[in-house]
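Participant: This is the structure, below, for whatever I ask next.
The values are calculated or read from the model by the stated rules, or taken from the named source; none is laboratory data. Computed from a predicted model, the values in this text were never measured in an experiment. Ideal geometry is used to build each Cβ from the backbone, glycine not excepted, and the neighbour counts take in all protein chains shown.
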Amino acid sequence: MRHTVTLIPGDGIGPEVAHAARAIIDASGAAIQWEEVNAPSEAERRHGEFLHARLVESVRRNRVALKGPIATPIATGPPSINVGLRKALELYANLRPVKNLPGVKSRYEGVDLVIVRENTEDLYSGLEHTVVPGVVESLKIITEKASTRIARFAFEYARKQGRRQVAAIHKANIMKLSDGLFLTSVRKVAADYPEIRYREVIVDNACMQLVLDPTQFEVLLLPNLYGDVVSDLAAGLVGGLGVVGSANLGDDVAVFEAVHGTAPDIAGKGIANPTALLLSGILMLEYLGEVEAARRIEQALHAVYRQGQCLTPDVGGSASTMEFAHAVIAAMS
Ligand code: NAI
């Protein structure tokens, strides 16, 4: 059976890494057919076009998308399309496996953890207003429903993957009601998984513990904002944003995307590293049941990194995006 996947190239380096990842996935023998749909252009966004209905409709119909990064203006302008897409499609779980890639220099070895981030609420609800000039209020929304749902997702994932520990990350010592509700919801779910060790770690301590010894963690379960911050910290433990993939999952729709942004400093130069989007593509192939193709790409990717001859500048090489992609394709044959 051929799977139709919506391909959203995105902004900045997005089209460069999306087309490189697509070429590699096509060469892997996976039965994928692509439906390429663009997000609104910057000009359209300035005129109030936020999320194209045809973009959301395409992902809903195909149930799976591979997405490049999309720019969001800082401190002004329309809301984030990325956040809008996650909300419109009810993609409540963000999953980011963080693992060393052979040959990629990093400060730590043996890192193999997974971040599970709640994706729909918290301070990302976008509910902000000016109370009086000079004073703004930003609402942090935490619900029992969303906290229980993400906790169930994390423990089920841990059980299926044979992981032995889940750590809930919080700041309930200060935000006693909101993070407190998150924790009490997670505790109730944790009780159904006695074989999995359950820990609670305050977010600032969790950051220090990750930097001291990341191998002490297996699955980290976080509300939205801490999840966003800590997942970039975790990417830094294994070589940076260019080498970590991610999935946004709902009950029957999934959007796979890299954790990095549009990298305006290198956009258009043809030197972006497509590895992160490719790792997201591997997660996508696993999700679609194309496990053989996923393993072929993974082995070829590891071989190219181990050889170290054809890497992009961010990981110490001098190859272009497409030279790297062709090296991975060559390593598959
Ligand atoms: P960024 O991830 O775009 O860039 C940070 C640094 O990492 C830059 O030096 C960049 O060159 C480098 N980098 C990132 N991806 C790379 C790759 N694949 N290969 C080589 N180097 C890479 O983060 P920044 O500058 O904070 O954000 C830029 C824009 O991206 C913003 O508009 C932001 O809102 C958006 N963004 C979108 C995301 C998404 O669509 N999911 C996620 C994060 C940011």
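Participant: Please find, among Leu277, Leu301, Leu237, Leu241, the residue that is modelled with pLDDT under 95 and either within 16 Å of the ligand (Cβ to nearest atom) or surrounded by fewer than 16 Cβ atoms within 10 Å (Cβ to Cβ) (or both). Quick ask: steps written out before the conclusion?
Facilitator: On the way: Leu277 fails: modelled with pLDDT under 95; Leu301 fails: modelled with pLDDT under 95; Leu237 fails: modelled with pLDDT under 95.
From the options Leu277, Leu301, Leu237, Leu241, the qualifying one is Leu241.
Participant: Taking Gly12 and the conditions (1) within 13 Å of Thr262 (Cβ to Cβ); (2) part of a helix (DSSP H, G or I), which numbered condition does it fall short on, given that it satisfies the others?
Facilitator: (2)
Participant: With the condition being assigned by TED's automatic domain parsing to the domain that holds Leu285 and at pLDDT below 80, I'd like the helices (runs of 4 or more DSSP H) fully within the stretch 29-135 carrying at least 3 qualifying residues. Spell out the reasoning first.
Facilitator: Working: elements: 42-46, 53-62, 81-88.
Hits in the stretch 29-135: 42-46.
Participant: Among the residues in the stretch 79-94, are any surrounded by fewer than 22 Cβ atoms within 10 Å (Cβ to Cβ), in contact with a His (Cβ under 7 Å, 6 or more places away or on another chain) and closer than 25 Å to Leu241 by Cα?
Facilitator: Looking through the stretch 79-94, none of the residues is surrounded by fewer than 22 Cβ atoms within 10 Å (Cβ to Cβ), in contact with a His (Cβ under 7 Å, 6 or more places away or on another chain) and closer than 25 Å to Leu241 by Cα.
Participant: Taking the condition farther than 30 Å from Arg296 by Cβ and more than 12 Å from the ligand (Cβ to nearest atom), does Ala43 pass?
Facilitator: Yes; evaluated as a whole, the condition is true for this residue.
Participant: Counting only residues that are crowded, with 23+ Cβ neighbours inside 10 Å and not small (Gly, Ala, Ser), which one in the stretch 8-23 is nearest to Tyr287 (Cα to Cα)? Even if it seems obvious, please write down each step before you answer.
Facilitator: Going through the stretch 8-23, the residues crowded, with 23+ Cβ neighbours inside 10 Å turn out to be 8, 10, 13-14, 16-18, 20-21.
Those still in the list that are not small (Gly, Ala, Ser) too: 8, 13, 16-17.
Numbers: Ile8: 18, Ile13: 25, Glu16: 24, Val17: 21 Å.
The extreme case among them is Ile8.
Participant: So for the stretch 96-107 (the condition being within 16 Å of the ligand (Cβ to nearest atom), within 17 Å of the chain's Cα centre (by Cα) and over 30 Å from Val211 (Cα atoms)), does at least one residue qualify?
Facilitator: Within the stretch 96-107 (the criterion being within 16 Å of the ligand (Cβ to nearest atom), within 17 Å of the chain's Cα centre (by Cα) and over 30 Å from Val211 (Cα atoms)), the answer is no, since none of the residues qualifies.
Participant: If you don't mind, there's one more thing I want to ask. Among the numbered criteria (1) assigned to a helix (DSSP H, G or I); (2) of a type outside the set (D, E, K, R); (3) surrounded by fewer than 17 Cβ atoms within 10 Å (Cβ to Cβ), which one does Gly268 miss?
Facilitator: Of (1) assigned to a helix (DSSP H, G or I); (2) of a type outside the set (D, E, K, R); (3) surrounded by fewer than 17 Cβ atoms within 10 Å (Cβ to Cβ), only one is false for Gly268: (1).
Participant: Of everything in the stretch 311-325 that's among the polar types (S, T, N, Q) and closer than 15 Å to Gly268 by Cβ, which residue is nearest to the ligand (Cβ to nearest atom)?
Facilitator: Of the residues in the stretch 311-325, the ones among the polar types (S, T, N, Q) are 312, 318, 320-321.
Checking the rest, the ones that are also closer than 15 Å to Gly268 by Cβ come to 312, 320-321.
Values: Thr312: 6, Ser320: 12, Thr321: 8 Å.
Checked the stretch 311-325; the qualifying residue nearest to the ligand (Cβ to nearest atom) is Thr312.
Participant: Please specify each residue of the stretch 310-333 satisfying the condition of being farther than 15 Å from Leu101 by Cβ and not in a helix (DSSP H, G or I). Spell out how you get there, then give the answer.
Facilitator: Here is the first cut: in the stretch 310-333, the ones farther than 15 Å from Leu101 by Cβ are 313, 318-323, 325-326, 329-330, 332-333.
Answer for the stretch 310-333, where residues must be farther than 15 Å from Leu101 by Cβ and not in a helix (DSSP H, G or I): Ser318, Ala319, Ser320, Ser333.
Participant: Kindly indicate whether Ala254 is within 15 Å of the ligand (Cβ to nearest atom) and modelled with pLDDT of 95 or more. Talk me through it step by step, then tell me what you get.
Facilitator: Working: within 15 Å of the ligand (Cβ to nearest atom): yes; modelled with pLDDT of 95 or more: yes.
It is true that Ala254 is within 15 Å of the ligand (Cβ to nearest atom) and modelled with pLDDT of 95 or more.
Participant: While we're looking at this one, here's another question. Considering only residues that are touching a residue at least 60 places away in the same chain (Cβ under 8 Å), among the hydrophobic types (A, V, I, L, M, F, W, C) and within 12 Å of the ligand (Cβ to nearest atom), which ones fall in the stretch 58-90?
Facilitator: Ile70, Ala71, Leu85, listed by residue number.
Participant: Could you grab the pairs with beta carbons closer than 6 Å, sequence gap of 6+ or different chains, first residue in the stretch 1-27 and over 10 Å from Pro274 (Cα atoms), second one among the acidic types (Asp, Glu)?
Facilitator: Thr4/Glu35; Thr6/Glu35; Leu7/Glu36
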